[in-house]
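So the structure is just underneath, and the comments pick up after that.
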Amino acid sequence: MNLSNISLKSLFRQKGKKVFLLIAMVISLTTVLTLYSYVESQRLDIENQFDEFGANIVITPKSDSLVLSYGGVNISGIVTSLEEIEYSQIGKIKSIENNENIRAISPKLIGAGEVSFNGIRNTALLVGIELEEEKKIKSWWNLKGTFPEGDNEVLIGAAAAEVMKLSIGDTFTIKGTVLKVTSILASTGSQDDNAIMAPIETVQTILGKPGKISLVEVSALCVDCPIDDLVFQISQVMPNSDVKAIRQVMEQKMQVVDQVKKVSITIGTMLVILCGLLIFSTVTGSISDRKQEIGIFRAIGFTKSNIMQIILTESFLISLASGFLGILCTYLTVNLILPSLVDLSTENFRVNIWFAFTGAVSIIMLGLGASWWPAISASNIDPVKTINSL
Amino acid sequence: MYLQLLNISKIFGKGEAQVRALESVGFSIEKGDYVAIHGPSGSGKSTLLTIMAGLQHPSSGKVIVDEISLYEELNNDGLAGFRSNYIGFVFQAFNLLPYLSTLENVLLPMAPVRISSKEKREMAHLALSRVGLTDRAAHLPSQLSGGQQQRAAIARALVNEPGIILADEPTGNLDTETRNDILSLFDDLNKAGHTILMVTHDASHIKAARKSIKITDGHIIEKEVIPRI
Ligand SMILES: Nc1ncnc2c1ncn2[C@@H]1O[C@H](COP(=O)(O)OP(=O)(O)OP(=O)(O)O)[C@@H](O)[C@H]1O
Ligand SMILES: [Mg+2]
């Protein structure tokens, strides 16, 4: 028999009250963890979608006549551009202060050209791209064939391929240059569908605009990165260009998540307070029931800290159990119960093990914290009073 | 001289409600003594015992045990340690924990002590055998008779090998027959070398007591050394 044995023995007395407390703690922890998992899944969903938005900064030549037209987020609307940016300018973007937030810089030269294939002539949208950078920005592209590698290899949009009856492996001429289709882009719903995309140097040659580009799409790394700062810094290094952030959709979505997050934090805080009060009142009640017993402990030589240890060990055991059960219930709720009840339409709804662990540790701290004062008052019980009252 | 009380006074409350529970009480106890304290109800017997047990400070005076002045030299933890090491307390109302078995109740005083549980068990079984309860080790207090419960409580007081056993009317809750039973157990324990100080309403109950002290209204009015026959 040692002090922990006493805690264990007393743990199984007044089972009703303790089971009630345990359930309350488990529900609180489960709720907080589930809410967090939900908010986190929403954030991840948006972050993933964010990748699909591709660029979030677009740099165009400064020109009043230029109109950016993008439905939603896709920015492929620049068909004609009166002015161009010097290709050599884009190196400056990498020199900005927040350059570690930049994931890809994809310059484009846009023009039109007459395509001839099997005797059919069509005027098509010709887009010069930097192959590797474009790949990074358009990570959601669904391609058939192989991504262009050589100077004369091109990628064409689904609509363009259909109109011109081009398939992978076909070659066609545009302004006297022979190009080979190596890849067809599945329909994206954007203007990429109508484009012929070739390496930017090739397009520069075809259009007779060496060293020129029509726009630059910049993709920044994360959702929370300082877009305004990036825009400002880029416009500082490229004073003759218009630098714009595309983010409305993202921002709105993020605002919704932020709202949900705030509501969750409020609910979580209230639950924590409620739980703390419940622990406090349960422990206080149990101590006042055990006054006489504690008096005996003190009379037979237990120190004040021995008494505190007995009380806190019991709280620790209940909190530990509620931590374990809370994690278990969260897993069940997130993976089985909620998905079967409601269509959450979220892809990343899962329990973050580290957060679950943190939650369990927190509820143990809460259990000990809320028992601290009752434990101190228990240790101050006067043995003489309890003995005399017998 | 093992335990010595010097000029102990204890005053409860203030003003009108003031109670002088003990006034200038002094006596000493040798190792192996068997002392009976008796006197009318409210005379201060229990108060005296709690002061001797390191449970409450006297208003004035000293308690000296093994040359340590309890309330001058020991802090709260020190007093707890003193109770644990020097004192075995037997209460009138047994005060066993109802949810622990007899053996566990006897083990209780050793819970904060850092010795192996095997050793603790050996000591607890030894204490139980001294009070003749070996065959009741696994029973809950509710499954024991009053006399057996008090025996278990005495085993609990013995288990730490205390220097002195303080018993506050240990037979108060028992019928005559069981009372004699418990008293002869105390007699036996004293013969086996234990120092015992027992509060009782009637000292004549304690046949084997070597000293008897009578208290009335907080004063010692009679100290008697009973010659052993
Ligand atoms: N905590 C206290 N506060 C105030 N008065 C107290 C307190 N404890 C004891 N007393 C008073 O001190 C006096 C002595 O009490 P004590 O319990 O020591 O008597 P006792 O001799 O043990 O009596 P009994 O034989 O009835 O057990 C009584 O008058 C009692 O009312
Ligand atoms: Mg009394």
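Observations, loosely collected:
- 19 Å cut-off, amide nitrogen to a point 7 angstrom out along B:SER24 Cα→Cβ, residues in segment B:51-65: B:58-63
- Portion, in percent, of the accessible area of segment B:124-229 that falls on carbon or sulfur, probe 1.4 Å: 49 percent
- For chain A, the carbon plus sulfur part of the accessible surface works out to 58%, probe radius 1.4 Å.
- Charge-dipole axis of segment B:61-107 as Lys and Arg at +1 and Asp and Glu at -1 on Cβ define it, positive-most pick from B:ASN105, B:PHE94, B:ASN75: B:PHE94
- Taking the longest Cα principal axis of chain A as reference, the axis of helix A:248-289 is set at about 10 degrees.
- Percent carbon-and-sulfur accessible area, segment B:1-49, ignoring ligands, DNA and RNA, probe 1.4 Å: 47 percent
- Positive minus negative residues near A:GLU114 (Lys, Arg vs Asp, Glu; Cβ under 12 Å): +2
- Taken about its Cα centre, chain B carries a charge dipole of roughly 200 debye when the Cβ of each Lys and Arg holds +1 and the Cβ of each Asp and Glu holds -1.
- Karplus-derived HN-Hα couplings along segment A:136-150 (A = 6.51, B = -1.76, C = 1.60, θ = phi - 60°), whole Hz, x at Gly and Pro: 5, 6, 9, 5, 8, 4, 10, 10, 9, x, 10, 4, x, 10, x
- When chains B and A come together, the accessible area they lose, probed at 1.4 Å and totalled over both chains, is close to 2200 Å².
- 1.4 Å probe, heavy atoms, protein only - residues of segment A:281-304 losing at least 20 Å² accessible area vs chain alone: A:GLU293, A:ILE296, A:PHE297, A:ARG298, A:ALA299, A:ILE300, A:GLY301, A:PHE302, A:THR303, A:LYS304
- Gained length - A:ASN98 relative to A:LYS136, 0.36 nm times residue gap less alpha-carbon distance: 11.8 nm
- Hull volume per residue, based on the alpha-carbon atoms of the protein assembly as shown and their convex hull, is 236 Å³.
- Annotation: amide H of A:ALA112 within the under-5 Å range of A:LEU126, sequence separation 5 or more or interchain, hydrogens built in the peptide plane.
- Angle in degrees between helix B:146-158 and the longest Cα principal axis of chain B, rounded to the nearest 10: 80 degrees
- The charge dipole of the protein assembly as shown, taken about the Cα centre with unit charges on the Cβ atoms of Lys, Arg (+1) and Asp, Glu (-1), comes to about 2380 debye, rounded to the nearest 20.
- Accessible surface, 1.4 Å probe, highest first, among residues A:THR205, A:THR34: A:THR205, A:THR34
- Total formal charge among the other residues, if their Cβ is under 12 angstrom from that of A:GLY285, Lys/Arg +1 and Asp/Glu -1: +3
- Of the GluC sites (Glu not before Pro) found in segment B:1-84, those in coil by DSSP whose Cβ has at most 15 other Cβ atoms within 10 Å are B:GLU30, B:GLU67.
- Full extension of the segment from A:ASP242 to A:THR269, taken as 0.36 nm per residue of separation minus the current Cα-Cα distance, would add 5.2 nm.
- B:THR195 long-range amide H proximity, modeled H, under 5 Å: B:GLY32, B:ILE165
- Total formal charge among the other residues, if their Cβ is under 13 angstrom from that of A:GLY150, Lys/Arg +1 and Asp/Glu -1: -3
- Helix A:304-332 and the longest principal axis of the Cα set of chain A meet at an angle near 40°.
- Accessible area per residue, Å², segment B:3-225 with all protein chains present, probe 1.4 Å: 42 Å²
- Helix-only [θ]222 nm of the protein assembly as shown, DSSP H runs n ≥ 4, -39500 (n - 2.57) each, per residue, nearest 500: -14000 deg cm²/dmol
- Reduction of at least 30 Å² in accessible surface, 1.4 Å probe, comparing all protein chains with the chain by itself, residues of segment B:70-93: B:ASN76, B:ASP77, B:ALA80, B:ARG83, B:PHE91
- Per residue, the solvent-accessible area of segment A:87-166 (1.4 Å probe, heavy atoms of protein chains only, all protein chains present) comes to 49 Å².
- Residues losing 50 Å² or more accessible surface upon assembly, segment A:1-23, compared with the chain by itself, 1.4 Å: A:MET1, A:LYS9
- Farthest toward the positive end of the dipole of the protein assembly as shown, out of A:ALA321, A:ALA356, B:LEU6, is the Cα of B:LEU6, where the dipole comes from beta carbon charges about the Cα centre.
- Extension gain for B:SER69-B:ILE11 works out to 18.9 nm (0.36 nm per residue, less the C-alpha to C-alpha distance).
- Short to long, the 5 Å bins of the Cα pair-distance histogram for segment B:1-85 hold 3, 13, 25, 25, 19, 10, 4, 1, 0 percent of all pairs.
- Paramagnetic reach from A:SER281 in segment A:310-337 [backbone N under 19 Å; point 7 Å along Cα→Cβ]: A:315, A:319
- Percent RCO, i.e. relative contact order, over segment B:3-225, from Cα pairs under 8 Å lying at least 6 residues apart: 30 percent
- Cα centroid separation, segment A:147-220 to segment B:115-148 (Å): 93 Å
- Calculated FRET efficiency for the pair A:LEU11/A:SER340, C-beta based, R₀ 51 Å, to 0.05: 0.90
The values are calculated or read from the model by the stated rules, or taken from the named source; none is laboratory data. Note that the structure is predicted; figures quoted are calculated from it, not measured. Note that we place each Cβ from the backbone using ideal geometry, even for glycine, and neighbour counts take in every protein chain shown. Each accessible area value is taken on the protein alone, full model and side chains, heavy atoms only, with ligands, DNA and RNA left out. Shrake-Rupley method; radii C 1.70, N 1.55, O 1.52, S 1.80 Å.
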